[in-house]
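Data first, discussion second: the structure below is written as structure tokens.
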Amino acid sequence: MTAFIQHLIAAPVFPQDEEKTRVARLLNAVIWFNLFLWVLTLFALPLTATPLLGLGVVGGLILIGSLALYALKIGRVELIARLFVAFLWAATTGLVAVSGGIHNPETAGFVIAILVTGLLSGVRSVFVYTVLSLLASLAIYWAEEQGLLITLLPVQPFVALLATCLNVLLAASLVYLALSGITRALRSVQHYARVLEQERASLEQRVAERTQAAETARRQAEIANQALEVEVWQNKGLIRLNEALREEQEVECLAGRALDVVCHHLQAPVGAVFLLIEDHLKFAGGYAHLPDAQTMTTYRLGEGLLGQAALDQHPIVVEQIPADCLTVTSGLGNALPSRLAIWPLQNGGILFGALEVGLLEDALSIENSPFPASVASLPAAQAQFLDRAAENIAIALQTAYARRRINELLLETQAQAEELQAREEELRAMNDELQVQAKR
């Protein structure tokens, strides 16, 4: 039974239209409240002068309210709202007109009609019904002053008190509904504000995560691009170096050409190459460098930076350049390089010499440089190039030495063959002479 009553008095809900649901809820509450008041009015009818007329009026009101509830259930919310406001205003006007005139407490019904209009139909309807209520009040007052009103429902003091109480209760209920709607709206706004704040925070977090991911991807792309530029730059230098080492040439010439390619690719202003000959490193060629009387041209293994790098078979890079090292010489004077790189020329643990290259710091940042920007800022790229170039030069030197040894062996074999042929001719001549002597 309780469930049936709750279902009966429950307001209809329209999930796709919040405003329609709000108006339906208000109408449902107002109509049920009026039905309750009209039912209470039935008990007060015996106290009126014309109880039968009152019964007909109140019964009609209850029937109209029931039909309005049914129309709400089937979704005719806007129509019921308009009809209810119009009916409430018309009923108030008629009741005031037939029950004593403008001094009747039922005139409070105009205020209630305006309140209901504001709750159900908006500001424009409030203005319209305010004007209509003022005009109706003026018309009733004028008719009363002219003696044109006929009192069909005279108001007894008790009935007036009852009407006043009912109007107060109805007004309080309407105010309560209005405040409840405002409170509900504020809560809804606060809820949506919290939801929006959460969405904003979530969106900011997603944006931050995507920004971080994009930044990470950008950095990774930059690193990959850097690595690619470094590899392209190194490969270009190694291709030029291999082309210079490809032809058959003497060891000293090969070392000099290799030094030229390395210094040109590194933009090194000065360089020198030393070859290992009988446990000594001997000067074999220079790039913008010729040794003078004060410059050593031969180093023992372990002597100086050059000898130590060769002995350890490990490269040495120094920033504080000793005064007796390579100097950059030009028509304007001499200067020490900013950085000195010494690379042993070895392959498979076999030492063939050493490469010494002097670098200027400014050479890494000049315009139109063959260095990509990433290489110019990464000395490790130069070190890797020198490491690979030194290995290729060592292999070429090993091949050149082997070719030289083969040529020496070939010449030695040819000399021995010629000597054997000469001895064979000498022996043949001696044999012929002995045969001649034996015949005599």
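Points worth noting:
- Residue selection: ALA438 fails the criterion of being farther than 15 Å from GLN249 by Cα, in contact with a strand residue (DSSP E or B) (Cβ under 6 Å, 6 or more places away or on another chain) and in a helix (DSSP H, G or I).
- When GLU197, GLU247, GLU204 are checked against the criterion of being loosely packed, with under 10 Cβ neighbours inside 10 Å and either in the same structural domain as ASN392 (by TED's automatic domain parsing) or over 30 Å from ALA113 (Cβ atoms) (or both), a single residue qualifies: GLU247.
- Just one residue in the set LEU290, LEU305, LEU238 is under 28 Å from ARG405 (Cβ atoms) and of a type in the set (A, V, I, L, M); that residue is LEU238.
- Exactly one residue out of GLN190, GLN234 is within 21 Å of ARG339 (Cβ to Cβ), among the polar types (S, T, N, Q) and assigned to a helix (DSSP H, G or I), and it is GLN234.
- Hey, ALA136 modelled with pLDDT of 75 or more and either touching a strand residue (DSSP E or B) at 6+ places or on another chain (Cβ under 8 Å) or surrounded by 14 or more Cβ atoms within 10 Å (Cβ to Cβ) (or both) or not: yes
- Residue list for region 3-44, filter: polar (S, T, N, Q), part of a helix (DSSP H, G or I) and farther than 25 Å from GLY109 by Cα: GLN6, THR21
- Pair list, Cβ under 7 Å, 6 or more apart: region 65-90 residue under 11 Å from LEU27 (Cα atoms) and assigned by TED's automatic domain parsing to the domain that holds ALA10, other residue of a type in the set (D, E, K, R) and surrounded by 14 or more Cβ atoms within 10 Å (Cβ to Cβ): VAL77/LYS20
- Strands (runs of 3 or more DSSP E) wholly inside region 239-310 containing at least 1 residues that are touching a residue at least 40 places away in the same chain (Cβ under 8 Å) and touching a strand residue (DSSP E or B) at 6+ places or on another chain (Cβ under 8 Å): 270-277, 280-287
- Filter result (of a type in the set (Asp, Glu) and under 30 Å from VAL357 (Cβ atoms)) within region 385-440: ASP387, GLU391
- So GLY181, is it modelled with pLDDT under 85 and outside any helix (DSSP H, G or I): no
- Residue in region 256-265 that is surrounded by the most Cβ atoms within 10 Å (Cβ to Cβ), counting only those that are out of contact with any helix residue (DSSP H, G or I) (no Cβ under 6 Å at 6 or more places or on another chain) and over 14 Å from LEU345 (Cβ atoms): CYS263
- Count - residues of region 22-50 that are without any contact (Cβ under 8 Å) to a residue 40 or more places away in the chain and surrounded by fewer than 16 Cβ atoms within 10 Å (Cβ to Cβ): 6
The values are calculated or read from the model by the stated rules, or taken from the named source; none is laboratory data. Nothing here was measured: the structure is a model prediction, and the numbers come from that model. Positions of Cβ are backbone-derived with ideal geometry, glycine not excepted, and every protein chain shown enters the neighbour counts.
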